[in-house]
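**Student:** Got a structure for you, written out below as structure tokens; questions coming shortly.
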Amino acid sequence: GGGESLGPVVRAETLRAYAEYVRGMPDYYGLRTGTHTYVEYNNGEKEMYDDAHDGQQLDNVFGSGGDASMAPALSARLATLKACRGAACRQ
């Protein structure tokens, strides 16, 4: 029945949450440009830092009201990098 198929999903989510708790950090992908660091966590959270003005990465522009206008371009670039393989990643 339908209830049986949910069991493994719930257990997988529980194990992933436990792994995040043990490591202290969720899984993520990120990239760094000459001026910014952009991170997307698998839990849906995002961070972006203006490294030119915040070298210690203390102020996530999404939470501090900073300029997040570069976020869509960085997100698109990150998606491309996540999907590339081999020589395509060096283009």
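The values are calculated or read from the model by the stated rules, or taken from the named source; none is laboratory data. Note that the coordinates shown come from a computational prediction; the quantities given were computed from them, not determined experimentally. No Cβ is skipped: glycine too gets one built from the backbone with ideal geometry, and neighbour counts run over all protein chains shown.
**Student:** Checking the structure you have, find out if any residue of region 66-83 is at positive phi, out of contact with any Lys or Arg (no Cβ under 7 Å at 6 or more places or on another chain) and either without any contact (Cβ under 8 Å) to a residue 12 or more places away in the chain or assigned to a loop (DSSP other than H, G, I, E, B) (or both).
**Tutor:** no
**Student:** If I go through region 36-68 residue by residue, how many of them are under 20 Å from Leu78 (Cα atoms), out of contact with any Ser or Thr (no Cβ under 9 Å at 6 or more places or on another chain) and either hydroxyl-bearing (Ser, Thr, Tyr) or surrounded by fewer than 16 Cβ atoms within 10 Å (Cβ to Cβ) (or both)?
**Tutor:** Count: 8.
**Student:** Here is a follow-up. Which residues, taken from region 28-72, are of a type in the set (Gly, Ala, Ser) and under 14 Å from the mean Cα position of the chain (by Cα)?
**Tutor:** Across region 28-72, the qualifying residues are Gly30, Gly44, Ala71.
Residues are listed down the side, and each one gets a yes or a no for (1) modelled with pLDDT of 90 or more; (2) in contact with a Gly (Cβ under 8 Å, 6 or more places away or on another chain); (3) not aromatic (Phe, Trp, Tyr):
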site	(1), (2), (3)
Glu20	no, no, yes
Pro26	no, no, yes
Thr33	no, no, yes
Val39	yes, yes, yes
Asn43	no, no, yes
Lys46	yes, no, yes
Leu58	yes, no, yes
